[in-house]
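The values are calculated or read from the model by the stated rules, or taken from the named source; none is laboratory data. No experiment lies behind these values; they were computed from the predicted model shown. Every residue, glycine among them, receives a Cβ derived from its backbone with ideal geometry; neighbour counts consider all protein chains shown. Keep in mind that these areas ignore ligands, DNA and RNA; they rest on the heavy atoms of the full protein, side chains included. Shrake-Rupley method; radii C 1.70, N 1.55, O 1.52, S 1.80 Å.
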Amino acid sequence: MRINDFINKIIYGDIKEKLLQIPSNSVDLIVTSPPYADKRKIIYNTIPAEKYVEWFMPITDELKRILNENGSFILNIKEKAENGERHTYVLELILEMKKQGWLWVEEYIWHKKNCYPGKWPNRFRDAWERCLHFTKQKKFKMFQESVMIPIGDWVEERLKNLSERDKMRFESRSKSGFGKNISNWLNRDKVYPTNVLHLATECSNKNHSATFPVALPCWFIKLFTEEGDVVLDPFIGSGTTAIACLQLNRKYIGIEIKEEYYKLAIERIKNTQHEL
Ligand SMILES: C[S@@+](CC[C@H](N)C(=O)[O-])C[C@H]1O[C@@H](n2cnc3c(N)ncnc32)[C@H](O)[C@@H]1O
């Protein structure tokens, strides 16, 4: 089958079977949130943490085949706490993926900024998730300018009275390295963001229990693709990644095993197409 047979489609079925049909080196970005180990067992019939790596490795192998040489893979995942400590399956997964030939380029943090407070005997509310960034090679497509953010009010106060030191790079007193030339920020209104994304969780979509906000795939799609590029979400759930693609003029491919979520994704896509 050719890649055009999959473009702008949500494929209903099991990722393990459906990925095999997608041609090699045909996708520019993979962004996805798989079922987390042991979470929502009743809904997804999901994998125990101890078996997670074994279950996921054939999938990452196929994803590596499908991804373009200069493409990126963003994996949104978070390990649970069990018997008083964090499980290590995500860390083990990273190590196994490296053995498979993936480069682990970065770990972005999705800070869920609308989390309500809570307390457990040995920890606080978990308010962040990992967005692991993998690539096939060191040189990959990245468009940093596309996610620049307003510089913020701090700059007016900081740049009001620049000292001589602020106008050059200088070695710090502790000899720990060179300080920044602060005057570089003069006349700028945008800066590069950090690797922490402060985004609220999605509260409006009540028909799927584990959606991520559209802004999350949007951010990575802008950062790693250009208009017309192909984005794959192999666990697309309610279709959020496809919505992001429609908003940003990218092509999408989604896979979903549950009929109810597959139908939900199709419905959301239709509604978005009407709105655009
Ligand atoms: C965490 S949810 C993804 C939610 C999605 N990001 C969204 O915003 O709606 C994971 C999804 O993967 C689907 N899934 C689980 N196992 C699958 C499999 N073997 N093949 C395809 N999809 C699967 C689940 O039904 C679920 O909808």
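For the reader, a short list of remarks on this structure follows.
- Rounded, prolate or oblate (a/c below 1.5 giving rounded, otherwise prolate when a/b exceeds b/c) for segment 23-109 by Cα gyration tensor: prolate
- Positive contributions from Lys and Arg (+1) and negative ones from Asp and Glu (-1), summed over other residues with Cβ under 11 Å from the Cβ of residue 212, come out at -2.
- Centre separation in Å (Cα based) which lies between segment 73-114 and segment 216-246: 20
- Counting only protein heavy atoms and using a 1.4 Å probe, the accessible area of residue 126 comes to about 50 Å².
- Cβ-Cβ distance of residue 138 and residue 111, R₀ of 45 Å, FRET efficiency by 1/(1 + (r/R0)^6): the value works out to about 0.95.
- Assigned charges on the beta-carbon of Lys, Arg, Asp, Glu; the chain dipole about Cα centre (debye): 580
- Rounded if a/c under 1.5, otherwise prolate or oblate - segment 46-153, Cα gyration tensor axes: oblate
- Residue 11 long-range amide H proximity, modeled H, under 5 Å: 254, 255, 256
- Heavy-atom accessible surface of residue 120, to the nearest 10 Å², is about 110 Å², with a 1.4 Å probe and all protein chains retained.
- Degrees separating the helix 49-66 axis from the principal Cα axis of the chain, which is the longest one: 80
- The C-alpha atoms of the chain define a longest principal axis, and helix 89-99 lies at about 90 degrees to it.
- For the set 52, 36, the ranking by accessible area, highest first and with no ligand, DNA or RNA atoms included, is 36, 52 under a 1.4 Å probe.
- Cut-off 11 Å between beta-carbons: net charge of the residues surrounding residue 14, Lys and Arg +1, Asp and Glu -1: +1
- 3J(HN,Hα) along segment 105-119, derived from phi through the Karplus expression 6.51 cos²θ - 1.76 cosθ + 1.60 where θ = phi - 60°, amounts to 7, 7, 10, 8, 10, 8, 8, 7, 6, 9, 4, 7, x, x, 8 Hz, with x in place of Gly and Pro.
- From phi via Karplus (6.51, -1.76, 1.60), per-residue ³J(HN,Hα) for segment 268-276 in Hz, x at Gly/Pro: 5, 5, 4, 4, 5, 4, 5, 6, 7
- In degrees, nearest ten, helix 215-224 long axis to first principal axis of the chain (Cα): 70
- Cα-based shape type of the chain, given that a ≥ b ≥ c are square roots of the gyration tensor eigenvalues and the cut on a/c is 1.5: prolate
- Extended-chain gain in nm, criterion 0.36 nm per residue less alpha-carbon gap, residue 5 and residue 54: 14.6 nm
- For the chain, the mean residue ellipticity at 222 nm estimated from helices alone is -8500 deg cm²/dmol, where every DSSP H run of n ≥ 4 contributes -39500 (n - 2.57) and the total is divided by all residues, rounded to the nearest 500.
- Net charge in the neighbourhood of residue 25 (other residues with Cβ under 12 Å of its Cβ; Lys, Arg +1, Asp, Glu -1) is +1.
- In sequence order, calculated HN-Hα J values of segment 20-25 (Karplus, 6.51, -1.76, 1.60; Hz; x Gly/Pro): 4, 7, 7, x, 5, 6
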